[in-house]
Amino acid sequence: MTKKMNRRKFIQQSAALGVLAVAGRSPIALGAPRRGANEELRVACLGIRGQGGGHIHSHAHAKNVRVVTLCDIDERLFGQRIKMVTDAGAPAPKTEWDFRRVLDDKDVDCVSIATPNHWHALATIWACQAGKDVYVEKPCSHNIFEGRKAVEAAARYKRIVQHGTQARSIRCVREAIRLLHEGIIGDIYMARACCFKRRDSIGIKPDSPVPAGVHYNNWLGPAPERAFNENRFHYEWHWHWDYGNGDIGNQGVHQMDIAMWGLGKDHELPVKVSSMGGRYTYEDQGQTPNTQIATCQYADGKMLVFEVRGRQTNDEWGVGVGNLFYGSKGYMAIRGTGGPFETVIDGQPGPKGEGGANEAFTNFHAAVRSGKASDLNAPIEVGHYSAAHCHLANIAYRVGRTLSFDPQAERFVSDPEADALLTRDYRAPFVVPQTM
């Protein structure tokens with residue numbers, strides 16, 4: 001028993017030292033050469049369950065792109081995901097449970113991140129430091145501090161970083177936003193974002209041993225150390241503050257992004273935010289609200305209103321998940337994340353648009369080849385702002401009052417309690433660095 005425990009301690013200590021080496025990596029790959037249009041892009045997929053399957057499919061079926069590595073802390077997932085790659089006609093990829101080895105692999109050009117939210121920013125930063133370009137799922141951060149650090153890392157190490165707010169790469173939505181900006185409904189004074197998705201109780205489960213094949217210490221990463229529990233693991237992590245951001249930061253970040261985009265607030269945060277709600281109709285181990293209303297007001301007085309309804313509900317003008325925009329001449333609805341959309345102008349039907357294909361990964365591959373961040377439809381800085389809107393709403397919900405915010409400093413006005421939620425206490429060695 002003693003030998004087993006000593007061996008386990010040695011492995012954990014060695015892994016920790018390795019991660020520290022990654023975190024302190026010098027930018028030796030800064031300005032690394034780009035691959036041409038006819039050269040193969042080699043992608044590692046980090047986090048292969050759930051949304052990670054979509055990443056694997058999108059990369060594996062793209063021209064001159066090959067998934068060379070699958071990385072996940074749950075080794076039980078590898079078999080099915082390897083088959084996804086080989087079914088696309090590619091050789092079987094390598095598998096890793098330790099992200100450090102992926103970063104050290106010279107055969108990897110890009111990292112595609114679909115981990116739980118609490119890993120998004122740190123994985124992005126480490127990948128940039130290692131000279132990899134990044135596609136990172138939404139939200140790009142677990143809190144506002146680390147979102148800003150991800151932006152700084154992309155700039156410091158000259159990497160291409162695409163955010164997973166896919167609507168920006170769907171032509172129908174791009175057309176709708178173009179019409180809004182051209183004044184189709186007049187002066188827009190308010191945007192509403194809706195996330196009406198039924199979320200049932202996750203119940204109550206006891207802590208349990210870590211399943212065989214799961215590397216739980218690496219899964220926890222920056223989060224506090226605590227016992228394994230199925231209700232804090234696969235998917236259910238969304239409803240716990242240590243790892244997720246509730247539905248406003250899950251499905252909702254897509255609609256938040258569209259709302260601020262339509263308002264013309266791509267690079268602006270609100271000056272005032274409030275939020276209230278609760279976890280209604282059941283008691284379980286989840287912490288985040290299943291029902292939430294948030295309001296944001298900008299310096300020019302314009303409003304963004306977000307509503308999460310996780311229980312029984314109607315939709316509104318066909319919008320269950322989607323957006324509504326209100327202007328001096330009329331209003332517009334964008335249904336879902338990718339359309340369709342329709343307008344009413346002065347009480348009469350106006351322009352409409354049908355839904356379209358998601359071209360986010362195609363856009364990412366093209367930008368990686370060009371080396372131009374300006375080619376990205378959803379660059380990391382805009383992703384930071386869309387994620388930060390969700391974080392601001394959750395902070396107001398958690399402290400229970402309306403908050404004044406300084407968008408330039410990205411801090412609250414004379415409110416240490418709220419400021420404390422702009423970041424977190426990181427568990428060494430999984431620490432988001434203060435400077436790049």
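Annotations
- Residues in segment 255-270 that are within 19 Å of Ser404 (Cα to Cα) and assigned to a loop (DSSP other than H, G, I, E, B): 5 in all.
- Looking only at segment 202-244, residues that are closer than 23 Å to His142 by Cα and either in contact with a Cys (Cβ under 9 Å, 6 or more places away or on another chain) or in contact (Cβ under 8 Å) with a residue 40 or more places away in the chain (or both) come to 27 in all.
- Here Arg192 does not qualify as assigned by TED's automatic domain parsing to the domain that holds Gly327 and in a loop (DSSP other than H, G, I, E, B).
- Test: Glu381 is more than 21 Å from Ser169 (Cα to Cα), among the acidic types (Asp, Glu) and assigned to a helix (DSSP H, G or I): no
- Residues satisfying the stated conditions in segment 33-55, i.e. free of Cβ contacts under 8 Å to residues at least 40 places away in the same chain and under 14 Å from Arg81 (Cα atoms): Gly53
- For Ala92, the test of being more than 24 Å from the chain's Cα centre (by Cα) and among the aliphatic types (A, V, I, L, M) is passed.
- Residues of segment 276-294 classified as β-branched (Val, Ile, Thr) and either more than 27 Å from Trp237 (Cβ to Cβ) or not in a strand (DSSP E or B) (or both), total: 2
- Inter-residue pairs, beta-carbon under 9 Å, first within 10 Å of Gly310 (Cα to Cα) and touching a residue at least 24 places away in the same chain (Cβ under 8 Å) and in segment 274-299, second among the aromatic types (Phe, Trp, Tyr) and assigned to a strand (DSSP E or B), 6+ apart: Gln292/Phe306
- The residue of segment 345-378 that is nearest to the chain's Cα centre (by Cα), among those that are in a loop (DSSP other than H, G, I, E, B) and among the acidic types (Asp, Glu), is Glu359.
- For segment 324-335, the set of residues classified as over 13 Å from Ala176 (Cα atoms) and either in contact with a His (Cβ under 9 Å, 6 or more places away or on another chain) or in a strand (DSSP E or B) (or both) consists of Tyr326, Gly327, Gly330, listed by residue number.
- Residue match in segment 366-378 (condition: touching a helix residue (DSSP H, G or I) at 6+ places or on another chain (Cβ under 6 Å), at pLDDT 95 or above, crowded, with 23+ Cβ neighbours inside 10 Å and within 15 Å of Met256 (Cα to Cα)): yes
Let's see how each residue does on (1) out of contact with any Cys (no Cβ under 7 Å at 6 or more places or on another chain); (2) over 23 Å from Gly249 (Cα atoms); (3) of a type in the set (D, E, K, R):
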| site | (1), (2), (3) |
| --- | --- |
| Thr337 | yes, no, no |
| Pro340 | no, no, no |
| Val368 | no, yes, no |
| Leu376 | yes, no, no |
| Pro379 | yes, no, no |
| His389 | no, no, no |
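- The lone criterion from (1) free of Cβ contacts under 8 Å to residues at least 12 places away in the same chain; (2) within 23 Å of His163 (Cβ to Cβ) left unmet by Asp419 is number (2).
The values are calculated or read from the model by the stated rules, or taken from the named source; none is laboratory data. Computed from a prediction, not measured in an experiment: that's the story for all the values here. As a convention, Cβ positions derive from the backbone with ideal geometry for all residues, glycine included, and neighbour counts pool all protein chains shown.
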